[in-house]
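Asks: First, the structure itself, so that you have it in front of you.
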Amino acid sequence: MKISGKFILKVAGTLTVISLVVAALLGLVNNITADKIAEIDAENTRIAMSAVVPEGSEFTDKLEISDDVAAAAAAQGGKLTELYGVKNAGADAGYVMKIAASGSQGTIVMMVGVDANKAITGISVVSHAETSGIGTKVVGNEPNAAGVPVLDQFMGMSGSGSLVVGKTVTAISGATVSTKGITMGANAALAAAEALG
C-alpha cells in the first residue's frame with residue numbers, strides 16, 4: 001500500500017494546526033496563572049522566612065548577592081539563591097538566606113536564618129526530593145538518636161565549615177546523606193554571613 005503525498009500533507013497540516021492551538025492555549029493558561037503562582041511562591045517564602053527568625057522580626061526586600069558571598073557559600077557546598085536582611089525592633093538582626101544543597105535524591109532547598117552574631121537561628125526546608133520515610137524524617141524535623149529534632153539542633157551553631165555530621169551534628173539513623181545535605185546548607189549560610197561582614 002502506497003501513501004499518497006496529499007495524505008501526508010493533510011496529516012502534517014492537521015498536526016501543525018493542533019500543535020499551534022495547544023501552544024496558544026498553554027500560553028493563555030500561563031498568562032492567567034503566572035501572577036497567582038508568583039503570589040503563592042512569595043507567601044511560601046515569607047512563611048519559611050518567618051519560621052527561621054525570632055518572632056516579631058521584619059525583612060528587607062531581597063538583597064543583591066555579591067560574587068564573593070556566593071563563592072563563600074559555594075565553597076561549603078551550597079548555592080545561595082536569595083538573601084534578605086532581618087530587623088528586630090528596628091535594629092539589624094542578621095540575614096535569612098535561601099540555600100540549595102545536594103541531598104540523597106536531589107536538591108534540598110532551605111531557608112536558613114543567621115543572627116547578627118553569625119549563629120544559626122533556624123532552618124526550614126522549602127522543597128526536597130528525599131526518600132519517603134527516611135530522608136523525609138530529616139526535612140520534617142523529626143528527632144535524631146539524641147532525641148533532638150534534627151533541624152533544631154543547628155540553632156545557635158556558628159563557624160562555617162565547623163558543622164560536621166557525626167561530630168557536631170547528629171544524623172537520623174538511615175538518613176545520613178539527607179542530614180549531610182542540610183549540614184552543607186547550614187555551613188554555606190554561615191560562610192555567606194561571614195563574607196557579608
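Values quoted throughout were computed directly from the atomic coordinates according to the rules given, and no laboratory measurement underlies them. Everything numeric here is computed off the predicted structure, so don't read it as measured data. Cβ coordinates were reconstructed from backbone atoms using ideal geometry, including for glycine residues, and neighbour counts include every protein chain displayed.
Asks: Dipole of the stretch 51-196, Cα-centred, from +1 at each Lys and Arg C-beta and -1 at each Asp and Glu C-beta, to the nearest 20 debye?
Replies: Computed about the Cα centre, the dipole is about 440 debye.
Asks: Could you point to the residue in Leu20, Thr107, Thr121 farthest towards the positive end of the chain's charge dipole, with +1 and -1 charges on the Cβ of Lys/Arg and Asp/Glu respectively?
Replies: Of the options given, the answer is Leu20.
Asks: Students often forget the sequence filter, so: which lysines lie under 27 Å Cα-Cα from Lys2 once same-chain residues fewer than 8 apart are removed?
Replies: Lys10
Asks: Something else now. Over the stretch 51-196, what is the mean sequence separation of C-alpha contacts under 8 Å (at least six apart), divided by residue count, expressed as relative contact order in percent?
Replies: 27
Asks: Follow-up. Which ordering of Leu26, Leu80 is given by a fewest-first count of other beta-carbon atoms within 10 Å?
Replies: With the sparsest Cβ surroundings first, the list reads Leu26, Leu80.
Asks: Still on this model: For the stretch 51-196, what is the percent of antiparallel DSSP beta bridges, rounded to the nearest 5?
Replies: Around 95 percent of the beta bridges assigned by DSSP in the stretch 51-196 are antiparallel ones.
Asks: Give the residue from Val29, Phe7, Ala186 lying farthest towards the positive end of the charge dipole for the chain; charges sit on Cβ (+1 for Lys and Arg, -1 for Asp and Glu) and the dipole is referred to the Cα centre.
Replies: Farthest along the dipole direction, towards plus: Phe7.
Asks: While we're looking at this one, here's another question. Can you pull out the trypsin sites (Lys or Arg not before Pro) in the stretch 1-104 whose DSSP state is coil and whose Cβ has at most 10 other Cβ atoms within 10 Å?
Replies: Lys2
Asks: Treating only the Cβ atoms of Lys and Arg (+1) and Asp and Glu (-1) as charged, compute the dipole magnitude of the stretch 1-88 about its Cα centre; round to the nearest 20 debye.
Replies: 1040
Asks: Return Ile120, Ile172 ranked ascending by Cβ neighbour count within 10 Å, so the fewest neighbours appear first.
Replies: Starting with the residue having the fewest Cβ neighbours, the order is Ile172, Ile120.
Asks: Using every pair of alpha-carbon atoms in the chain, split the distances into 5 Å bins beginning at 0 and state the percent of pairs per bin, rounded to integers.
Replies: 1, 8, 14, 17, 15, 11, 8, 5, 4, 4, 4, 3, 3, 2, 1, 0, 0
Asks: Tabulate in residue order the Karplus-calculated ³J(HN,Hα) for the stretch 122-128, using 6.51 cos²θ - 1.76 cosθ + 1.60 with θ = phi - 60°, rounded to whole Hz; enter x for Gly and Pro.
Replies: My calculation for the stretch 122-128 gives x, 9, 9, 7, 8, 8, 6 Hz in order.
Asks: May I pose another question? Looking at the stretch 47-115, which GluC sites (Glu not before Pro) are in a loop (DSSP not H, G, I, E or B) and have at most 12 other Cβ atoms within 10 Å?
Replies: Glu55, Glu64
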